[in-house]
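Quick notes on the structure that follows.
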Amino acid sequence: PFDSVWRKDAMQNAVKENNSQKHPEALFDAVWKKDITLTKINPAQSHRRRLVSYFLDKLNVRPQTIIDIGCGTGELLKELSKKYPEAELTGCDLSLESGKLVKELLPKANFLCLDVEEPNNNFNNSFDLITSSEVIEHCKNPSGLVENAYRWLKPGGVFFVTVPSGEMTGYDITI
């Protein structure tokens, strides 16, 4: 199941079948259905979660409300739930499949299925911590995501973003 050619072909087929230009949520539904195990065992993703935790410690963050924009399978939220057991957790993704996976992993977490690139004032001043890991590079309108995050942060809140560095794989380019 970890053959990069298979994954790339599967994602390209999902793009064709689901017309991801008009319905990108269909592409990410296909991604999470096919590659759920990969997010748990991929050393880069595990390392990224450790780095997020490390830097949040350095920032001395003590959030009561957390949202992970582009939460995917919910693995980062799971780590944050261990770090901040009293915090109210919310996952946010374009994919309904992501919501199912998050609720399986963290039954008490909230989930929002929405396009964070579109203006949204429903959550203004709602979150102490907003994370978005390896998401913004997939956005057609990254400033929309940043503007929403700014509005959604409580005063003094932290918006923590990670982006990939180095050469992207064929799989990364496809999604």
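Kirkwood analysis of the Cα pair distances in the stretch 57-128 returns a hydrodynamic radius of 12.5 Å.
Tally Lys/Arg at +1 and Asp/Glu at -1 over every other residue whose Cβ is under 11 Å from the Cβ of TYR84; what's the total? Please report the intermediate quantities before stating the final value.
Details: positive: ARG62, LYS82, LYS83; negative: GLU79, GLU86, GLU88, ASP128.
Around TYR84, the surrounding residues sum to -1.
Going through the cross-link list LYS78/LYS100; LYS83/LYS140; LYS83/LYS154, which pairs have a Cα-Cα distance over 22 Å in this structure?
Cα-Cα > 22 Å for LYS83/LYS140; rest within.
With each label modelled as a point 7 angstrom along the Cα→C-beta vector, the ALA44-LYS82 pair spans 2.2 nm.
Highest mean first, how do 128-140, 80-92, 47-59, 149-161 rank when packing is the count of other Cβ atoms within 10 Å averaged over residues?
Numbers: 128-140: 19.5, 80-92: 17.9, 47-59: 13.5, 149-161: 16.1.
Packing order, densest peptide first, comes out as 128-140, 80-92, 149-161, 47-59.
If the segment from SER165 to LYS108 were pulled out straight at 0.36 nm per residue, it would be longer than the present Cα-Cα gap by 17.2 nm.
Read-outs: derived from the displayed coordinates by stated rules, not from any lab. Since we're looking at a predicted model, the values are computed, not measured. Positions of Cβ are backbone-derived with ideal geometry, glycine not excepted, and every protein chain shown enters the neighbour counts.
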